[in-house]
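Here the structure is laid out as structure tokens; the discussion comes afterwards.
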There are 4 protein chains.
Amino acid sequence: MAAAPARKTSRTPSRAKAAPRAAGPEGVGMIGLGIMGSAMSANLVKAGFQVFGHDPVAAARTRLKRAGGTPCAGVAEVVKNCGRIVLSLPSEAALDAVCAELVAAGGRGRVLAETSTLPETAKLRARDTLAAAGMTLLDCPLSGTGAQALTRDLAVYASGDTAAIGEFAPVFDGFARVRYDVGAFGNGIRMKLVANLLVAIHNLSTAEAILLGERSGLDAAQIVRVVADGAGGSRMFQVRGPMMVDRSWDQATMKVAIWQKDMRLIQEALQRTDTPAPLFAASMPIYNAAMALGHGEDDTAAVYAVLERMVGGPKPARKARRAS
Amino acid sequence: MAAAPARKTSRTPSRAKAAPRAAGPEGVGMIGLGIMGSAMSANLVKAGFQVFGHDPVAAARTRLKRAGGTPCAGVAEVVKNCGRIVLSLPSEAALDAVCAELVAAGGRGRVLAETSTLPETAKLRARDTLAAAGMTLLDCPLSGTGAQALTRDLAVYASGDTAAIGEFAPVFDGFARVRYDVGAFGNGIRMKLVANLLVAIHNLSTAEAILLGERSGLDAAQIVRVVADGAGGSRMFQVRGPMMVDRSWDQATMKVAIWQKDMRLIQEALQRTDTPAPLFAASMPIYNAAMALGHGEDDTAAVYAVLERMVGGPKPARKARRAS
Amino acid sequence: MAAAPARKTSRTPSRAKAAPRAAGPEGVGMIGLGIMGSAMSANLVKAGFQVFGHDPVAAARTRLKRAGGTPCAGVAEVVKNCGRIVLSLPSEAALDAVCAELVAAGGRGRVLAETSTLPETAKLRARDTLAAAGMTLLDCPLSGTGAQALTRDLAVYASGDTAAIGEFAPVFDGFARVRYDVGAFGNGIRMKLVANLLVAIHNLSTAEAILLGERSGLDAAQIVRVVADGAGGSRMFQVRGPMMVDRSWDQATMKVAIWQKDMRLIQEALQRTDTPAPLFAASMPIYNAAMALGHGEDDTAAVYAVLERMVGGPKPARKARRAS
Amino acid sequence: MAAAPARKTSRTPSRAKAAPRAAGPEGVGMIGLGIMGSAMSANLVKAGFQVFGHDPVAAARTRLKRAGGTPCAGVAEVVKNCGRIVLSLPSEAALDAVCAELVAAGGRGRVLAETSTLPETAKLRARDTLAAAGMTLLDCPLSGTGAQALTRDLAVYASGDTAAIGEFAPVFDGFARVRYDVGAFGNGIRMKLVANLLVAIHNLSTAEAILLGERSGLDAAQIVRVVADGAGGSRMFQVRGPMMVDRSWDQATMKVAIWQKDMRLIQEALQRTDTPAPLFAASMPIYNAAMALGHGEDDTAAVYAVLERMVGGPKPARKARRAS
């Protein structure tokens, strides 16, 4: 079959052609209306889809209604109205529970896109459970924050059945800037962990660089401005560098306590695939220390506070100086 | 004095105004005509400067002549013709030797910009030696490769006497895309080491990410394409990722053996400033191993070959797969 | 209550006084007759105990019979004959299964000592399950190898109910050289993980030291002999150093593949307690690489083979030399 | 020649036979009368040697006199009276200066044992300088602290000319417990760096283990007592563990600031020999942090204070507990 490798090696992300829809209700479902789920729902409404959403939290359902969607009392109501359903869930347990409800609701023929960062094993288990009941699950993690979700600035790492991804493409294009078909089911979460390994490292490398600069007598704000523009630059340096200089990690875009779950998934993937990753390993103690120092609810930029504390901070003793 | 802090905190890099020239010959000197020195010379000629260059290697002088510059038999001849002189030297020993020749040539009043990545102590020593003979040395490392030097795509981290930097600004603008005045003498090399700490880490994080992806069953080329576009992206990932996938580290843009000198300077700066840098520390063994495995003349992208060897490479056993 | 702190802070390990036995059959049970369980059983027989043992593997039961013990067809038969029962099990699943059988067998009043290295959560779950059925579980990991078990050269890290430990003391003394009462239930496995964190590090530090020595021109055997006697010495250096020099890691005393389970437990404990452990973290990639290089069934001394491979081994290029 | 390999592979350290003395004055010289030099001198006097010592510090010379030795005004006086001279010097610069004085004093035929931890290159330079003037230098670092020097509990790693080592053997036996002939000149300092790499790691692994234990609810003193006796034990754990528990790092046996010099020598040896040492690398940031936190004059056991600070110390929040 020519399509699969073509998709895998396509040089440019594609925008979907108007793919022929499989049989099933026209509505698009959203199970889980948290920060990500509600942002995606709102954008799908704007894109012209009829969105049916469910969340156990009443306030989340109300928010959906205000955004123009249709709140549903339960999973069964979503299934009844939607051929394509997005899952945006907080935990492995939530995924297990939703799968049981989907099976009970008799969703035969539905295509579902699981967009959370959850263990590969949990995703595989969900796929098998749903497949036995005639449903097709796709593994489609998102790259981007809640803020990016609001502005439709997400990337989708779609993986699983080729035809089902094609069928789902217009929905992805309704809430994401770009989508990649990364191949077999599970490749989505695998790609996400690869990206997050880099995020874990680059967040900390940003802190190390600023600390070395400051202790060498440089101005922190200047470091961030000058270095971002060169060979040492990274997306994390651009985003988290200013947060470290401003000490604004109390405004979390990714909380340390939640990030520790991602760290665990990466560490498990490394051990399972027998992969040596010396930098990622070296980053773990600093994130553990961030937790110990009470930064669990702070942004991961708080790794800078850990390093600073190792040198007697909050304020390093030596300050920027200028020779006369 | 208001000027100094203003320069240090200026939000945007400035292009020089036509600064009043100090007394001294109008020519611009270039001592050291290697890859960087010859590229800068050629761009200075194009920018309208009369360039006088010296290098002990005859072929380098011939190349300068072809580019429109004036080759000089020695340092004294450069001094005689030039008020502003750029130094582009391979080692601390070369800097010491050139300083002795400058003093012997009686270069009183000259302003010199030292652009190499050399120990802070060597630069300070050179500054003092030249100051005693009435010359002003600036510490002005460059960010960018030889290829970038050819296309005038360099950044200058200028540091030292404010007025002298102003006087030298048109010369910088003749061979660089942007220049930053980073403050007191020595801040230039300090900023360069901060940037290089990031380069050392991000080069290796790129290798770790690709390796984890490959061993998880992903396609290496796809990883580079997909991840570069997201939160895990970095300048090094963009530049070195493709080299790792193509195994093209034999085409060196930065040789491991030369990079080890930079690793040493960073390590010394960390110890001298009592700065903990766990990621940089974790990168050192891999660069040492790259040397041991015979990659001294290869590009630093060869750290990928080290990781690969740790898992039984050159070819990892598990390959990308797609479920039927 | 004075007893508990006294036990916890006692400077010297105690040998049990003849503690008053609680009611219950006089026999001592052994559930799990693998390498450790069979060695402990044999020593308990020699110490004068009547030993009733069960293992699903028939050969293991036969071996017990030859050693003078009484093989039992199931857990129920052990329960019927024994007031004190030792558990020596390979996995969390085995512990869960045995607990279910113990409850079914109605073992009210029995005291059980769980001696395996298993997750704290699994041990706590087992304790609660058994407590609900009137049994008292102790958490009592062992320090020592199968070879040490044969010669009664084990240490017991006993934790849990003080009186129950006292009751079990004569049994511990029947198969161990020394026992420590380390306090509350779970402290045993916690202490074991602390010890294993050191083992993981010292095994690798031994490899690093020998490699540096060899590459500096020293004789490997001489390094092991000279360094063991000084400030750099460790138990692992003494035990694993000669294995690395002789390249005899194919004779496993602790297999890499099994050790990875312990690495995981330590890593989880570090993350759960928010503890930074930079050296342990730095060791993980090397153990992962040992797996990738096919050393899963070799002794953990094979980390030396990983480092050697990073420098182009099996044989490092530079050899010991003596100036004329 | 059979002697050299025999010495290198001898299984047991030897005590010297009464080796035939080369021509030269009978006295034994000691240049440098600091903590180590004065302790060695006192033991040599007790062993029956006539000791001639020099140190620029007058108090050190007075101390030698009280111990029964003969203080000398300068190096020349030592040379005049001694055929065998021990060097115990604080720095590379001191070694260079003493060599110049030895040459000026005309010490032809003398044998000298350099016992300090100094760069290999400095030792080689000294050897060549002295050889040109007819003197034989041996490289003979010591393993052991000042306290051990007082009780003659030192180990000598002697390297260099075989016959000269034989001649010096009775002197070594006068101040050391054991001596090893480790081969060619320079092997002494190489072996010392191998041992110190282990010391750097095991000092920190001790801190990590105690911290994990404490944060798991264990009693720190108990950890030290229980773990020292098992597979996780090390010489450093025995020596530094109690210092960490007692927080007595203000009583320095090895100061962090001085240890940083050794860290640098090890790091240079690793880079020079292209050797990957991930654990040693991971230890460097913690020693840098110890300096930054003001522990320069404290014992290296203060790495525990660094880890503790990373978790919010001095007192970790969670304390040892015992379930009711």
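Go through A:Leu112, A:Leu150 for me and flag whichever is at pLDDT below 95, out of contact with any Phe, Trp or Tyr (no Cβ under 8 Å at 6 or more places or on another chain) and within 26 Å of A:Glu26 (Cβ to Cβ).
Being at pLDDT below 95, out of contact with any Phe, Trp or Tyr (no Cβ under 8 Å at 6 or more places or on another chain) and within 26 Å of A:Glu26 (Cβ to Cβ) holds for just one of A:Leu112, A:Leu150, which is A:Leu150.
Can you find a residue in the range C:224-235 that is under 21 Å from the mean Cα position of the chain (by Cα) and either surrounded by 24 or more Cβ atoms within 10 Å (Cβ to Cβ) or among the basic types (Lys, Arg) (or both)?
Yes, some residue in the range C:224-235 is under 21 Å from the mean Cα position of the chain (by Cα) and either surrounded by 24 or more Cβ atoms within 10 Å (Cβ to Cβ) or among the basic types (Lys, Arg) (or both).
Of everything in the range B:83-104 that's more than 20 Å from B:Val57 (Cβ to Cβ) and surrounded by 14 or more Cβ atoms within 10 Å (Cβ to Cβ), which residue is farthest from the chain's Cα centre (by Cα)? Let's see the steps before the verdict.
Let us first name the residues in the range B:83-104 that are more than 20 Å from B:Val57 (Cβ to Cβ), namely B:83-84, B:103-104.
Then keep just the ones that are surrounded by 14 or more Cβ atoms within 10 Å (Cβ to Cβ); that gives B:83-84, B:103.
Working: B:Gly83: 24, B:Arg84: 20, B:Val103: 26 Å.
Applying the filter and picking the extreme gives B:Val103.
Take B:Val303 and decide whether it is more than 30 Å from D:Leu293 (Cα to Cα), of a type in the set (A, V, I, L, M) and free of Cβ contacts under 8 Å to residues at least 60 places away in the same chain.
Here the answer is no, as B:Val303 does not meet what is asked.
Would you mind stating whether B:Ala200 is under 26 Å from A:Gln238 (Cβ atoms), among the small types (Gly, Ala, Ser) and within 7 Å of another protein chain (Cβ to nearest Cβ)?
It is false that B:Ala200 is under 26 Å from A:Gln238 (Cβ atoms), among the small types (Gly, Ala, Ser) and within 7 Å of another protein chain (Cβ to nearest Cβ).
For every residue, the table says whether it meets (1) farther than 21 Å from B:Leu279 by Cα; (2) more than 7 Å from chain D (Cβ to nearest Cβ).
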{"position": "C:Val226", "(1), (2)": "yes, no"}
{"position": "C:Trp249", "(1), (2)": "yes, yes"}
{"position": "C:Thr253", "(1), (2)": "yes, yes"}
{"position": "C:Ala269", "(1), (2)": "yes, no"}
{"position": "C:Thr275", "(1), (2)": "no, no"}
{"position": "C:Ala290", "(1), (2)": "yes, yes"}
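Return yes when C:Gly134 is without any contact (Cβ under 8 Å) to a residue 40 or more places away in the chain, assigned to a loop (DSSP other than H, G, I, E, B) and crowded, with 23+ Cβ neighbours inside 10 Å and no when it is not.
Against the criterion (without any contact (Cβ under 8 Å) to a residue 40 or more places away in the chain, assigned to a loop (DSSP other than H, G, I, E, B) and crowded, with 23+ Cβ neighbours inside 10 Å), C:Gly134 does not qualify.
What's the number of the only condition in (1) closer than 19 Å to D:Arg127 by Cα; (2) of a type outside the set (D, E, K, R); (3) modelled with pLDDT of 95 or more that D:Thr62 fails to meet?
The single condition D:Thr62 does not satisfy is (1).
Scan C:Ala122, C:Ala94 and give me the residue that is among the hydrophobic types (A, V, I, L, M, F, W, C), in contact with a helix residue (DSSP H, G or I) (Cβ under 6 Å, 6 or more places away or on another chain) and at pLDDT 95 or above.
Working: C:Ala94 fails: in contact with a helix residue (DSSP H, G or I) (Cβ under 6 Å, 6 or more places away or on another chain).
After ruling out the rest, the residue left standing is C:Ala122.
In this structure, is C:Ala195 at negative phi and within 9 Å of chain D (Cβ to nearest Cβ)?
yes
Checking the conditions here, which among B:Thr253, B:Thr273 is of a type in the set (Ser, Thr, Tyr) and buried (at least 21 other Cβ atoms within 10 Å of the Cβ)?
Values: B:Thr253 fails: buried (at least 21 other Cβ atoms within 10 Å of the Cβ).
Of the residues listed, the single one that is of a type in the set (Ser, Thr, Tyr) and buried (at least 21 other Cβ atoms within 10 Å of the Cβ) is B:Thr273.
Name the single residue that is farthest from the other protein chains (Cβ to nearest Cβ) among those in the range A:145-176 being assigned to a helix (DSSP H, G or I) and over 27 Å from A:Gly109 (Cα atoms). First the steps, then the outcome.
Filtering the range A:145-176 for residues assigned to a helix (DSSP H, G or I) gives A:146-150, A:162-175.
Narrowing the set further to residues that are over 27 Å from A:Gly109 (Cα atoms) leaves A:146-150.
On the way: A:Gly146: 13, A:Ala147: 12, A:Gln148: 9, A:Ala149: 13, A:Leu150: 16 Å.
Across the range A:145-176, the extreme among qualifying residues is A:Leu150.
Go through the range C:182-192 and give me each residue that's more than 7 Å from chain D (Cβ to nearest Cβ) and of a type outside the set (Val, Ile, Thr).
Within the range C:182-192, C:Gly186, C:Gly188, C:Lys192 qualify.
Matching residues to (1) in contact with a strand residue (DSSP E or B) (Cβ under 8 Å, 6 or more places away or on another chain); (2) surrounded by fewer than 24 Cβ atoms within 10 Å (Cβ to Cβ); (3) in contact (Cβ under 8 Å) with a residue 60 or more places away in the chain:
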position	(1), (2), (3)
B:Gly106	no, yes, no
B:Pro119	no, yes, yes
B:Leu130	yes, yes, no
B:Ser143	yes, no, no
B:Gly146	no, yes, yes
B:Thr151	no, yes, no
B:Phe168	yes, no, yes
B:Ile189	yes, no, yes
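How many residues does the range D:200-219 hold that are of a type in the set (A, V, I, L, M, F, W, C) and without any contact (Cβ under 8 Å) to a residue 40 or more places away in the chain?
2
Restricting to the range A:57-71, give me the number of residues that are in contact with a helix residue (DSSP H, G or I) (Cβ under 6 Å, 6 or more places away or on another chain) and aliphatic (A, V, I, L, M).
Summing the residues that are in contact with a helix residue (DSSP H, G or I) (Cβ under 6 Å, 6 or more places away or on another chain) and aliphatic (A, V, I, L, M) in the range A:57-71 gives 2.
If you scan the range D:206-220, which residues turn out to be out of contact with any Pro (no Cβ under 7 Å at 6 or more places or on another chain) and either more than 7 Å from every other protein chain (Cβ to nearest Cβ) or charged (D, E, K, R) (or both)?
D:Thr206, D:Ala207, D:Glu208, D:Ile210, D:Asp219, D:Ala220
Test A:Gly296 against the stated conditions and say whether it is among the small types (Gly, Ala, Ser) and more than 12 Å from chain B (Cβ to nearest Cβ).
yes
As an exercise: evaluate D:Arg179 against (1) in a helix (DSSP H, G or I); (2) within 13 Å of chain C (Cβ to nearest Cβ); (3) of a type in the set (D, E, K, R) and give the number of the one condition it does not meet.
(1)
The values are calculated or read from the model by the stated rules, or taken from the named source; none is laboratory data. Not measured: the values here are computed from a predicted model. For neighbour counting, all protein chains shown are included, and Cβ atoms are generated from backbone atoms with ideal geometry for every residue, glycine included.
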